[in-house]
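See below for the structure under consideration.
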Amino acid sequence: MAKGMILKNQNGYFTIYNEEGSLSLCRSRGRLKRKTDVLVGDVVEFDTGKGSEAVITHVYPRKNALYRPPSANIDQLVLVSAVRTPDLNFFLLDKMIVLAEEAGVEPLIVINKSDLAEEAAREAAYFYKKAGYPSFAVSLRQNEGLEELKAAFQGPVIAFSGPSGVGKSSLLNWILGKSHFQSGEVSRHTGRGKNTTRHAELIQWKPGCFLMDTPGYTYLDINTIELTRLSYLFRDFRPFLGQCRFNNCLHAGEPDCAVKKAVEEGKIQRERYESYLHILDELKTKDFRR
Ligand code: GDP
Ligand code: ZN
């Protein structure tokens with residue numbers, strides 16, 4: 001019996017990083033046959049004593065799981081945006097942060113391409129720092145801010161996400177010191193890069209520390225979030241929660257709302273509050289459709 005972590009699943013053949021730091025190839029069987037039974041990032045026990053083919057016999061409880069690509073036990077989610085080309089979309093970034101919070105993964109925010117708009121990139125990073133998230137303005141083109149960013153990475157499993165074209169592949173390749181990920185020019189037609197990552201795969205960065213690319217930004221389904229939970233997923237709102245007149249306050253215009261008051265007093269940044277209202281509206285619409 002041996003213990004290890006799943007790095008990759010290729011048609012039911014799992015690559016496992018074992019405790020000795022080497023790789024084993026394994027099958028799953030019996031009770032662990034369904035697609036979501038064994039995820040990339042899972043810590044498993046496997047049986048090496050069955051001839052040539054090792055078999056996974058147990059999956060340890062997960063501390064979290066992402067929906068797309070299916071993966072588990074992510075320690076940090078690096079949310080990459082660009083300040084320009086494509087323009088920074090604050091609302092989308094806020095939504096990605098909410099999803100990370102919901103999944104129980106620690107977000108880290110990267111504003112790339114600071115060479116294109118230095119002041120705006122620095123302000124955006126500061127904005128998210130004030131909201132309670134580690135944030136970095138960087139430029140891969142000009143090698144700015146990258147060492148500070150790297151020092152803030154906290155594994156062992158670090159996932160990267162963000163819209164295409166923001167420089168995610170460039171960043172991953174810089175960290176790994178080689179061209180592992182395909183970096184593409186932004187398409188003139190769609191404004192998007194040509195990143196085609198489909199499957200979860202953990203790439204070893206240093207011994208016992210792994211990186212994972214995720215396609216696009218839909219790594220979790222936002223519709224599973226309950227209306228009353230949403231404000232807890234805004235870290236900067238938390239000091240004010242539980243102080244509204246109504247204990248089921250959605251902070252959307254109810255009287256004596258502590259969140260609204262904090263916005264008026266500048267203790268919560270107004271743009272974050274607007275993102276909150278926007279996401280709340282989306283969730284309400286989804287609720288009606290059910
Ligand atoms: P991905 O789709 O997020 O993986 O993005 P890529 O890494 O493929 O990069 C998309 C485009 O942005 C490429 O043309 C890169 O050369 C460019 N790019 C990446 N980083 C920077 C940067 O710091 N500054 C500028 N100006 N362009 C960058
Ligand atoms: Zn309220």
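The values are calculated or read from the model by the stated rules, or taken from the named source; none is laboratory data. Values in this document were obtained by computation on a predicted structure and should not be read as measured data. Every residue, glycine among them, receives a Cβ derived from its backbone with ideal geometry; neighbour counts consider all protein chains shown. Surface accessibility is based on the protein's heavy atoms, side chains included, excluding ligands, DNA and RNA. Shrake-Rupley method; radii C 1.70, N 1.55, O 1.52, S 1.80 Å.
Counting DSSP beta bridges with both partners in the chain, what percentage is antiparallel, nearest 5? Each step should come with its number before you reach the end.
Details: 26 of 48 bridges.
Around 55 percent of the beta bridges assigned by DSSP in the chain are antiparallel ones.
Note on segment 66-213: along the principal axes its Cα atoms extend 36, 33, 27 Å, ordered by decreasing extent. The accessible surface of segment 1-150, taken with every protein chain in place and a 1.4 Å probe, is 48 percent carbon and sulfur.
From the Kirkwood radius over Cα pairs of the chain, Stokes-Einstein at 37 °C and 0.692 mPa s returns a whole-number translational diffusion coefficient of 160 µm²/s. Give me the angle, in degrees from 0 to 90, between the Cα long axis of helix 270-289 and the longest principal axis of the Cα atoms of the chain, rounded to the nearest 10. Computed tilt is about 70 degrees.
Length available on full extension from residue 89 to residue 48: 0.36 nm per residue minus the Cα-Cα distance, which gives 9.9 nm. Please work out, to two decimal places, the log10 of the ratio I(q)/I(0) at q = 0.18, 0.29 Å⁻¹ from a Debye calculation in which every Cα of segment 2-61 carries one identical scatterer. The Debye formula, applied to the Cα set alone, gives -0.50, -1.42. Around residue 12, with a cut-off of 13 angstrom between Cβ atoms, what is the net charge of the other residues, counting Lys and Arg +1 and Asp and Glu -1? For residues surrounding residue 12, the net value is +4.
Per residue, how much accessible area does the chain show when a 1.4 Å probe rolls over the protein heavy atoms, in square angstrom?
Numbers: 15000 Å² over 290 residues.
Accessible area per residue, the chain: 52 Å².
If you take every residue apart from residue 117 with its C-beta less than 11 Å away from the C-beta of residue 117, what net charge results, scoring Lys and Arg +1 and Asp and Glu -1? Around residue 117, the charge tally is -2.
Using only DSSP helix segments of four residues or longer, with each worth -39500 (n - 2.57), what per-residue ellipticity at 222 nm results for the chain after dividing by its residue count and rounding to 500? Could you put the intermediate results ahead of the total?
Numbers: 6 runs with 69 residues, N = 290.
When only DSSP H runs of four or more count, the value is -7500 deg cm²/dmol.
Based on the convex hull around the alpha carbon atoms, segment 227-289 presents an average projected area of 3.9 nm². Note down the net charge around residue 272, summing +1 for each Lys or Arg and -1 for each Asp or Glu among other residues with Cβ under 10 Å from its Cβ. Charge balance in the 10 Å sphere: -1. Taking the chain as a Gaussian network of alpha-carbon nodes connected by springs under 10 Å, the highest mean-square fluctuation of the residues 225, 158, 74 belongs to 225.
Please compute, over every Cα-Cα pair in segment 1-157, the percentage with a separation greater than 21 angstrom. List each step's numbers first, then the result.
Values: 6679 of 12246 pairs.
More than 21 Å apart: 55 percent of the Cα pairs in segment 1-157.
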